[in-house]
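Only the coordinates and a few stated rules stand behind these numbers; no lab work does. As the structure is a prediction and not an experimental result, all values here were calculated from the model. Neighbour counts are summed over all protein chains in view; Cβ atoms, including those assigned to glycine, are modelled from backbone coordinates with ideal geometry.
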């Protein structure tokens, strides 16, 4: 009895065309697109006091900006209308990578105290995103926060005690 | 008919470090010919008219003064090189009712901004003294619409009620003067390269060449287009009204316990007599509303006719119907339970779908934002965004590398999400339809259960009461029949009212639709066609006169679509010889002028040609043009030609008595020291 594996090998050897396999591209969430995530990061920092935020505060805002539900929860909490149990901040690991990419691309820098500060390239990125009307939902959300929100405000929001 | 605008005079004023220089030109009605050698300042003087009126936007989109160095920088006066310290142009114009104004605008000045235009009323009827100066601004946002804008003033002075036109972005705005003056002014540099070569398109007006021609010729087409837009929006409003009224109809029917058969969902279907027929149930049978009313009325009447039975008499029949009613109520309750569970299930599904759609829509927006942002990478020099290369390790960093190495491109991802959204949205609309049907069913069942229970209560009460007491069942039946009749009659009236509203809507819609069809058949009214055909005739006659030879002149027509000269359906352009193009421009602009003068139109009645003899046009053709212009001048127009033809040659072609010839000596410059 002929070996099937050998038969297949032989078949391939006789074919004039070569086989090629390509992976089909996969859909990804929009917030993983480099343009989007760096612009979103810039928009958040652009609204912060001194254009600087601690990484954990950045996480809170990143989470708050995520979808309609988190946006309204965040704003309710800010207005003192929610109980601490309601707001469940999820730390999004992709934000850390976004910050890393931002550091590499000189969109942000790490200050001596470890906070993340927006650099001129990032300021420009935020300005152009605003001009083109991109990330409008996110901008509207950020605009509803107090002008140049401070670290202490975010501390207060996270402080359940 | 006299023109709407006459140029009476022009003064160029230049203050130099060696003294005051300038020139004053006076223009008459009819043909004016300004003769001077090349580069002596002819074009400058004609452009000065455009500049004084703040119309340099028709020459170029650039925001610089369109005048020669002699007005802005330095001038050679005789043999002396002089520096320009201050300069201005002043033009005196007269409108169709004989009002005269002088308009002055500074070209170079430390004292006055170039955006400022000073207007002084002159001539008879003007305030004698002190001379009142009015100041307006030009070349700034709002100059065409604000009261202090010179173009608002100028349009009123000319007597133009400028139409609103559609801009490229879909908004509406006024037609700008810059798009209308090209019918009266052909400048030397670009004006002779094609028919209406210089209608400014940068102002963002949709179909600007057509809109301006329609205004100049006072065609009905513009109104017809506006009317068409209005009717289209009326039609969509009526469609929306119809939807709402159909919904009202269904709601009324539902409230009255009726279902509608064959509901016309679109207004174009209209409301025929057999559409939206209300049906309801009587004794478990679906019948038309009118029939139900008849049946119930008959049953009520029958019940009333026989004396109310006593409990004893009715007992046997009542116990039978009690059993039946109990069985029915049980089965209805069971079904109701099933329907309710099903509805809760579908409602849960629908809300899941809504959540999913909301999330997808937001994700879709993110991808779209990405596409918007894609162009920015290069702009800000972040290599990460432009090339997707890590700035630190110089390896490729793809979108979504946190999840997969093979992410879709943003465009693919958008298409993918849109397909998903499409599927979810149709699922959702399906769920909603099922929900509607289920809740109608649930209401009907609940109503049946209520009726059965009332019947059971009445039957029980009949069976437990004294034998000679009146049968509660009978009485209750009568009461419930009366209540049903009242409900159904009310519903019938309400439905009839809504039906009549619907019929009105359908009638309005049909009338508007018919008007739209009529308008859509052509934008041109009979009067418009007459004007275009007159222009065509004038054009052909003149082409013949000027020895146009690229085509037989009788084959040149005016396109009803572009209003421009065409041949066999194509606009005439590069297929003509260069000199025939010049002849075509002469003929077209003079024909438009002539037809506007002869028929009611908005043309200024003014035509300025800077060096009409281009491309070595044959002298015989040029002579024919000058004759044509003289005739047009005699017919009431004002024409101003600037030419470098020698005086002798001009005198050979022109009768000096029939035109105003302003001839500079050979070599003489227009700007001269005045002292």
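Determine, from the Cβ-Cβ distance of residue B:575 and residue B:392 and an R0 of 60 Å, the FRET efficiency 1/(1 + (r/R0)^6), rounded to the nearest 0.05.
E between residue B:575 and residue B:392, to the nearest 0.05, is 0.50.
Once all Cα-Cα distances of the range B:13-125 are split into 10 Å bins that start at 0, what whole-number percent is in each one?
It works out to 13, 42, 35, 10, 1, in whole percents.
Please give the direction-averaged projected area of the C-alpha convex hull for the range B:538-675, in square nanometres with one decimal.
Over every viewing direction, the Cα hull of the range B:538-675 projects on average to 10.3 nm².
Determine the percent antiparallel among the DSSP beta bridges restricted to the protein assembly as shown, to the nearest 5.
DSSP beta bridges in the protein assembly as shown are roughly 75 percent antiparallel.
Can you give the relative contact order of the range B:537-675 as a percent, counting alpha carbon pairs under 8 Å and 6+ residues apart?
21 percent
Let me know the Kirkwood hydrodynamic radius for the range B:254-297, please, with Cα pairs as the basis and the value in Å to one decimal.
Value: 11.3 Å, from the Cα pair sum.
Using the Cα atoms as the points, what is the convex hull volume per residue of the range B:243-318 in Å³?
Each residue corresponds to 101 Å³ of Cα convex hull volume.
By its C-alpha gyration tensor, with a ≥ b ≥ c as the square roots of the eigenvalues, how is the range B:455-568 shaped: rounded for a/c under 1.5, else prolate for a/b larger than b/c, else oblate?
Here the range B:455-568 falls in the prolate category.
Just need log10 I(q)/I(0) for the range B:471-527 at q = 0.19, 0.20 Å⁻¹, Debye formula, equal scatterers on the alpha-carbon atoms, no solvent, rounded to two decimals.
-0.78, -0.81
Extension gain residue B:38-residue B:359, at 0.36 nm per residue separation less the Cα-Cα distance, in nm?
In short, 108.4 nm is gained.
Quick one: what do you get for the range B:168-277 if you divide its Cα Rg by 2.2 N^0.38 Å?
Here the answer is 1.88, to two decimals.
Taking only DSSP H segments of four or more residues, each worth -39500 (n - 2.57), what value at 222 nm results for chain B once the sum is divided by all its residues, to the nearest 500 deg cm²/dmol?
-17000 deg cm²/dmol
7 Å from Cα along Cα→Cβ at both residue A:55 and residue A:143: what's the point-to-point distance in nm?
3.3 nm
Ranking B:151, B:367, B:406 by Cβ neighbours within 10 Å, fewest first, what do you get?
B:406, B:151, B:367
Give, as ranges by residue number, the residues of the range B:478-496 whose backbone N falls under 14 Å from the point 7 Å along Cα→Cβ of residue B:309.
Under cut-off, by backbone N: B:478.
Over all directions, average the projected area of the Cα convex hull of the range B:388-433 and note it in nm².
Mean shadow area of the hull around the Cα atoms is 4.2 nm².
Could you work out how far apart the two model spin labels at residue B:86 and residue B:525 are, taking each label as a point 7 Å from the Cα in the direction of the beta carbon, and quote it in nm?
Roughly 5.1 nm, to one decimal.
Ratio of Rg to Rh for chain B, alpha carbon only, Kirkwood?
In chain B, Rg relative to Rh is 1.24.
Looking only at A:49, A:23, A:90, which one moves most when chain A is put into a Gaussian network model with springs between Cα atoms under 10 Å?
A:23
Report the equivalent ellipsoid semi-axes for the range B:212-343 in whole Å, largest first, defined as the square roots of five times the eigenvalues of the gyration tensor built from alpha carbon atoms.
57, 20, 9
Using 0.36 nm per residue, how much length does the chain from residue A:90 to residue A:68 gain when fully extended, once their Cα-Cα distance is taken away?
That works out to 6.4 nm of additional length.
Taking N as the number of residues in the range B:334-489, what value does Rg over Cα atoms divided by 2.2 N^0.38 Å take?
2.11
Ignore the peptide's own chain and count Cβ atoms of other chains within 10 Å of each Cβ in A:61-67; give me the average, rounded.
Shielding by partners across A:61-67 averages 1.
How much length would be gained if the chain were fully extended between residue B:206 and residue B:334, taking 0.36 nm per residue of separation minus their Cα-Cα distance, in nm to one decimal?
Residue separation times 0.36 nm, minus the Cα-Cα distance, leaves 39.5 nm.
Mean shadow of the protein assembly as shown, computed from the convex hull of its alpha carbons, in nm²?
68.5 nm²
Determine, from the Cβ-Cβ distance of residue B:342 and residue B:274 and an R0 of 41 Å, the FRET efficiency 1/(1 + (r/R0)^6), rounded to the nearest 0.05.
Computed FRET efficiency for residue B:342 and residue B:274: 0.80.
If you take all C-alpha pairs in the range B:399-470, what percent of them are over 20 Å apart?
Every Cα pair in the range B:399-470 considered, those over 20 Å come to 66 percent.
Along each of its three principal axes, how wide is the spread of alpha-carbon positions in the range B:8-72, in whole angstrom units, largest first?
Taking the Cα atoms of the range B:8-72, the three principal extents are 34, 33, 22 Å.
Given C-alpha coordinates of the range A:1-90, what is the ratio Rg to Rh with the Kirkwood estimate of Rh?
1.46
Write down the Kirkwood hydrodynamic radius of the range B:601-661, to one decimal in angstroms, obtained as one divided by the mean of 1/r over all alpha carbon pairs.
12.2 Å
Say each of residue B:555 and residue B:97 gets a label point 7 Å from the Cα, pointing the same way as Cα to Cβ; how far apart are those two points in nm?
So the two model labels end up 5.0 nm from each other.
When the Debye formula is applied to the Cα atoms of the range A:86-153, each taken as the same point scatterer, what base-10 log of I(q)/I(0) results at q = 0.13, 0.26, 0.27 Å⁻¹?
-0.49, -1.33, -1.30
Compute log10 of I(q)/I(0) for chain A with the Debye formula, placing one identical point scatterer on every Cα and leaving out solvent, at q = 0.08, 0.09 Å⁻¹, to two decimals.
At q = 0.08, 0.09 Å⁻¹ the computed log10 ratios are -0.35, -0.40.
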